[in-house]
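K.L.:
The structure under discussion is supplied below as structure tokens; questions concerning it will follow.
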Amino acid sequence: MKQLYISLIITALLYSCSNVQGNQTDATSTATPKATSGSLKAEVGETIKLNKPFENKATLMKALQNRKSTRSFANKPVNKQDLSNLLWAAAGVNRDNGGRTVPLLGDIAIYAAMKSGVYLYEAKNHELKKVLKDDIRAQISSQAPVKKAPVVFIMTIDDASFPGYMKKAMKEAHGMDFYYGNQVAYSTQNIYLYACANNMNAVVIGGFNRPKVDEILDLKSEHHSYLIQLVGYKKE
Ligand SMILES: Cc1cc2nc3c(=O)[nH]c(=O)nc-3n(C[C@H](O)[C@H](O)[C@H](O)COP(=O)(O)O)c2cc1C
């Protein structure tokens, strides 16, 4: 009987420890999660569940003070937790009604080009879908930092994501490019802020081969890339 009690107590202790670990990456946790290097391994067409965004000690004012463009990066991949946070900051869902971290009239489709291939961010489920197995970074731009950046975010807008009933008024008011450009800018600024507050470097790049990138990503005729953004850790 005594042995049974002891084994029950041990089982209960093990169970409570495993629960603590499981909660470490919860969005409400204020601690930096231990398991930050989850795998991004997937075949083309498969999706990878991203980590929940975690709170950290970086303040908005500190992020604004540190915000700048830097074009060099440590030669190491961005871990899954930081990648998850960057994408959530860029355009993640932050409300029960599906509202996002950035104001959107239509939608933004963000691709992440890395050594291991190209992935599409699916905000609704906070997932990354692998869309290409190749490393396309060297084909994106002639600017040298692009092929060395651990992550190249490609900000794209599909005209079809804008509400049809608004388009006539939008075209007459400012032209669609005005709205596309604005949508992209909010996401890139959020990425700058997260990166610059978390030991990472970032830069937006307008000088890239848009037709080539659109072709590689197999975008439809009214779906185009607008800006790319390089992100990686600071050099030690
Ligand atoms: C729309 C846009 C396009 C840009 N294109 C490039 C680019 O092609 N190459 C580059 O190195 N920097 C590019 N930049 C980054 C700017 O050079 C940088 O923001 C500017 O020098 C100010 O520096 P800061 O961001 O550190 O304040 C671009 C910035 C913007 C807003």
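K.L.:
To the nearest µm²/s, what D does Stokes-Einstein give for region 27-233 at 20 °C and 1.002 mPa s, using the Kirkwood radius over alpha carbon pairs as Rh?
P.N.:
123 µm²/s
K.L.:
Measure off 7 Å from each Cα along the Cα-to-Cβ vector at Asp96 and Ser116, then give the distance between these two points in nanometres to one decimal.
P.N.:
Those two pseudo-labels are separated by 3.5 nm.
K.L.:
Additional query: With a point put 7 Å past each Cα toward its Cβ, work out how far Leu132 is from Asn79 in nm, to one decimal.
P.N.:
2.9 nm
K.L.:
Just to confirm a number: summing +1 for Lys and Arg and -1 for Asp and Glu over residues other than Asp159 whose beta-carbon lies under 12 angstrom from that of Asp159, what do you get?
P.N.:
Taking every Cβ under 12 Å from that of Asp159, the sum is -1.
K.L.:
Suppose the chain between Met176 and Val44 were pulled fully straight at 0.36 nm per residue; how much longer would it get relative to their current alpha carbon spacing?
P.N.:
44.3 nm
K.L.:
Give me, ordered by chain and number, the residues 5 or more places off Gly92 or on other chains with an amide H under 5 Å from its own placed amide H.
P.N.:
Under 5 Å from the amide H of Gly92: Thr101.
K.L.:
In addition: Full extension from Ser221 to Lys234: what is 0.36 nm times the residue separation minus their Cα-Cα distance, to one decimal in nm?
P.N.:
Roughly 0.9 nm would be gained on extension.
K.L.:
Run through region 200-236 and list the trypsin sites (Lys or Arg not before Pro) located in a DSSP loop whose Cβ has at most 15 other Cβ atoms within 10 Å.
P.N.:
For trypsin sites (Lys or Arg not before Pro) across region 200-236 that sit outside H, G, I, E and B with at most 15 neighbouring Cβ atoms in 10 Å, the list reads Lys220, Lys234, Lys235.
Where a number appears in this text, it was derived from the coordinates with a stated rule and is not lab data. Keep in mind the model is a prediction, meaning the values are calculated, not measured. Here Cβ is always computed from backbone atoms with ideal geometry, including for glycine, and neighbour counts include all displayed protein chains.
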